1. From B:VAL110, B:VAL77, B:VAL117, grab the single residue that is farther than 20 Å from B:THR320 by Cα, touching a helix residue (DSSP H, G or I) at 6+ places or on another chain (Cβ under 7 Å) and assigned to a strand (DSSP E or B).
2. Please list, ordered by residue number, the strands (runs of 3 or more DSSP E) wholly in region B:258-363 having 1 or more residues that are out of contact with any Cys (no Cβ under 9 Å at 6 or more places or on another chain) and closer than 30 Å to B:LEU245 by Cβ.
3. Could you pull out the residue among B:GLY765, B:GLY745, B:GLY737 that is away from chain A (no Cβ under 14 Å), small (Gly, Ala, Ser) and crowded, with 22+ Cβ neighbours inside 10 Å?
4. Being touching a Leu at 6+ places or on another chain (Cβ under 6 Å), of a type in the set (A, V, I, L, M) and more than 30 Å from B:ALA712 (Cα to Cα) is the requirement here; does B:ALA179 meet it?
5. List, please: which pairs have Cβ atoms under 8 Å, are six or more places apart or on different chains, and start with a residue in region B:144-169 that is more than 18 Å from B:ALA45 (Cβ to Cβ) and end with one that is charged (D, E, K, R) and not in a loop (DSSP other than H, G, I, E, B)?
6. Exactly one of (1) closer than 25 Å to B:THR774 by Cβ; (2) more than 11 Å from chain A (Cβ to nearest Cβ); (3) among the polar types (S, T, N, Q); (4) touching a residue at least 24 places away in the same chain (Cβ under 8 Å) is unmet by B:THR705. Its number?
7. I'd like the full set of residues that are within 22 Å of A:VAL197 (Cα to Cα) and in a loop (DSSP other than H, G, I, E, B), limited to region A:120-137.
8. For region B:730-783, give me the residue count where each residue is closer than 19 Å to B:VAL673 by Cα and either free of Cβ contacts under 8 Å to residues at least 40 places away in the same chain or among the polar types (S, T, N, Q) (or both).
Amino acid sequence: MYAFAYHRPATLKQAASLLRKTEGAKALSGGQSLIPALKMRLADPPVLVDLGGIAELRGIRLEGTTLIIGAMARHAEVAAAKEVMTGIPALAQLAAGIGDRQVRNLGTLGGALANNDPAADYPAAVLALDAVIHTNKRAISADRFFKGLMETALKPDEIITAVAFPLPTRAAYVKFRNPASRYAIVGVFVAETAGRVRVAVTGAASCVFRVKPMEKKLAGKFAPEAIAKVRVAADKLNSDIHASAEYRSHLITVIAQRAVTAALSGK
Amino acid sequence: MNAPVIGQSIKRKEDYRFLTGTGTYTDDVTLPGQTHACFLRSPHAHAKIRGIDTSRARAAPGVVAVFTGEDLARARVNGLPCGWLITDVNGQPMKEPPHPPLAQGKVRHVGDQVAVVIAETLNQAKDAAELIEVDYEVLPAVVSPADARKPGAPVVHDSAPDNTCYVWALGDKVAVDQAFAQAAHVTTLEFINNRLIPNAIEPRAAVASYARADDAYTLYVTSQNPHVERLLMAAFVLGLPEHKLRVIAPDVGGGFGSKIYLYAEETVITWAAKQVGRPIKWTAERSESFMSDAHGRDHVTRAELALDQDGKFLALRVATTANLGAYLSTFASCIPTILYATLLAGQYTTPAIYCEVTAVFTHTAPVDAYRGAGRPEATYVVERLVETAAREMGIDRATIRRRNFITTFPYQTPVALCYDTGNYDATLTAAIELADVAGFEARRKAAAQRGKLRGLGYSTYIEACGLAPSNIAGALGARAGLFEAGEIRVHPTGSVTVFTGSHSHGQGHETTFAQVVADRLGIPVENVDVVHGDTGRILFGMGTYGSRSIAVGGTAIVKALDKVIAKGVKIAAHLLEAAEADIEFRDGAFQVAGTDRKKTLAEVALAAYVPHNYPLDRLEPGLNESAFYDPTNFTYPAGSHICEVEIDPETGVTQVVNFTAVDDFGKIINPMVVEGQVHGGLAQGIGQALLEGCVYDPESGQLLTGTYMDYALPRADDLPSFKVGTRETPCTHNPLGVKGCGEAGAIGAPAAVINAVVDALAHLGVRDIEMPATPERVWRAIRSARPGKKA
């Protein structure tokens, strides 16, 4: 680890001003990606702004047909929250399957979204559920938030405050894990919300993406066989020592079908 | 009569300190004035070093010293030696290129040590290491054994222009060729035995110090064999008298072979401790472990089995290319030869065997022994062939094995070993029952209804353990003896300290060795403490590897115990005023036969240390005996593993749903400890078959599996609850009747798993699958199979 200055502001305003003040300053939420990068000397931020002391970033609540989760909600909190388990059980299940126990006790929703790791789980949920990302500056729709490999619509001093998830009528997330890292090689989140179906895939490409041909088929008939023949072309998919693009392309269809089956069973 | 102590599942004495975090590992050792070392490692697989500028690093805050290969060369520090000489097919010695502890002129693998920075703090050392400027001329690299000998392949060492360390052979080629000419059936397979990274939970570490007052060094190090470490480092590398170097291997958190060897890092800091006049600590980071611990396996093999029309094995022909990495590690040369080809008879009467091994250098980390060391590779060859031949010939897999089992002992194999005892049918029969093979068809059908493919695979393995008769090892090229030493110190009150040259780094010797002593002396296990891992306290030792500790180290202890008892008889005879011939030692007391007159061990010990009434004219006081034991043969643990898998054909995911292991380890001292060893071995064997694989980029030579993000170690949920059992044929040539159990799981399991995977897919036409059988490999095998065609 290289030396850095550490701040733990109590308000969002202070945090934003600290981030603005020093070029290269980084916000620290759960630290489950940033701290390992620091320890391996792969990142060298001059300033770390710890968001852990900001009360307004916490909390999970249901407002009508919307589930609102504070950016600093830990994965373990999301997994165990009554509001999530009843409102969007698929999201609780997703949170319960992120990383390991230690990661879930520290990692946060906001941190995962801001980091936008191509194999992270939350981006698939946010995109498939058509959630809205609230920041200290504005509200961003899911479709406009994820920009590319570890890239989002966030500005350097912009901090995610909460995410608003519309409650779906049915949804499920199925993850095919990398045997080494246990991250998603392919993770598919399928959701039907207010009569519209969205399918989001993580782990397979440089950034989470929707599979509109599947959405169309499922809008016609929400059943696994409806998408059995829909393929995502391999040419834009990741290829690495664990899975070729061709294999990922195959897995997307298989895992999406399983997600549809799971959504139908409501489990 | 005391209850027997041998054979009891006594809880491990050492676990209290391990479970409460009060063990003392090397990194826990902190000496006054200690400094910290950071090694600058090569980022390239192959490069010429045109120059190294350390001036900025030397001037950095907290830096005590910076050393490079040139400094070591100037100080006449030698290269790291190889402990086993292999003679090639032409009678020439193997190529032994120099292995400088810090690179000189060239780097030869990613992670090769280039320089060391010694600083007040670890962070200062790391900061300074980044300031060292190395002018590299990057050269092309070769990483795979299959490519190493291709024309035009990049050359690792100028002294081996074809990248060949040796070509070595064992067996009767003419007899094998004749047998193949007459065979009714020949089964041929080509496969890769995948390269593995050891991953001990405790990374390698060392703390070195030098005392000017007595001109002596002390080295704390994560070693499986501190005396060997001392011998190699003092005599061969640093040119020190051995008594000036004390090597202490305190609690060590796992080795699996990777901590047998003399490594560069501890050698450099031991030398440097005198230069800087202060203690130096180095602890590997996990990424350093991945790139610089000696790796395992990495064979490319073509193997053929000749059979008659009844499935009797006539001959076996094996050609293997083995990757040794960039430099010869301490025992690298004997693993793919002496510990591999000699095991190719397996449990079978195959009358003619010929094996040729080509060992090559590549631009990868050195390869050496890893749990099983040659024997898993041999088992994989034999058991994959046997199972494939059975399928091709339509013979039941158990039947073909039974038809070829060795049933009379001693049995001289055509590949140099002489098995003393065994009962292979007993372990196979027991395994078949425990695995409920009879119910498999029903389970297969039930799985098929769920859309899953079930398969069953067998592996009946043998290993040669209890390394080793020194004269045989010497004749085969060993540059060291392979005996073991032990000392029994009976204290004046009758409690005992055992000093053993074996080394425990997870095996539980403090318990099992104490059980042996308690059993023989008739005293409570609590009254026996075991000391290991310190050249300053233990008379000598060859350490722990090759499942040798109980068979060789345990026997040395028994020999010392025999001497203690023999002396006790003399003392007791004096005290009891009886003839020595009338004294018998039973249940912890020396008794005049046929009477109730006796002296306890404690009474005899007290007399030996307070010799007021003592035959001082004939007998030395004290009760302290030591013994060296050199075995007369290897031991031959053997067993049967049966693996049952279920495959999801849509994704290619293989799940091990049942795994049964019935092993014959001879007499068992502590069944719980043995079961733990089997579990660990199976986890590593299943890991090799399904998950683990070290990958270097074929172009750049970069290590692609350098973290746990990419190197797939098995986790608990990758494994089933194992079904284990034992059958016992006591070893005939050691007094405990023990054979050793540490490696068996890793030796037998890979073939059983792959046999099961192939069994599940055989109806699709799949004949073989490469390890690790990852989901994508299985999926591709299914996809490219020709449905309906039987393999």
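The values are calculated or read from the model by the stated rules, or taken from the named source; none is laboratory data. This structure is a prediction, so every number in the text was calculated from the model and none was measured. Using ideal geometry, Cβ is built from the backbone for each residue, glycine included, and neighbour counts are taken over all protein chains shown.
1. Values: B:VAL110 fails: assigned to a strand (DSSP E or B); B:VAL77 fails: assigned to a strand (DSSP E or B).
Going through B:VAL110, B:VAL77, B:VAL117 in turn, the sole match is B:VAL117.
2. Working: elements: B:280-283, B:299-307, B:313-325, B:352-361.
It comes to B:280-283, B:313-325.
3. On the way: B:GLY765 fails: crowded, with 22+ Cβ neighbours inside 10 Å; B:GLY737 fails: crowded, with 22+ Cβ neighbours inside 10 Å.
The unique qualifying residue is B:GLY745.
4. Details: touching a Leu at 6+ places or on another chain (Cβ under 6 Å): yes; of a type in the set (A, V, I, L, M): yes; more than 30 Å from B:ALA712 (Cα to Cα): yes.
For B:ALA179, the condition - touching a Leu at 6+ places or on another chain (Cβ under 6 Å), of a type in the set (A, V, I, L, M) and more than 30 Å from B:ALA712 (Cα to Cα) - is met.
5. From residues that are more than 18 Å from B:ALA45 (Cβ to Cβ), the pairs are B:VAL167/B:GLU356; B:TRP168/B:GLU356; B:ALA169/B:GLU356.
6. (2)
7. Here is the first cut: in region A:120-137, the residues within 22 Å of A:VAL197 (Cα to Cα) are A:120-133.
Answer for region A:120-137, where residues must be within 22 Å of A:VAL197 (Cα to Cα) and in a loop (DSSP other than H, G, I, E, B): A:ALA120, A:ASP121, A:LEU129, A:ASP130, A:ALA131.
8. The number of residues fulfilling the criteria is 0.
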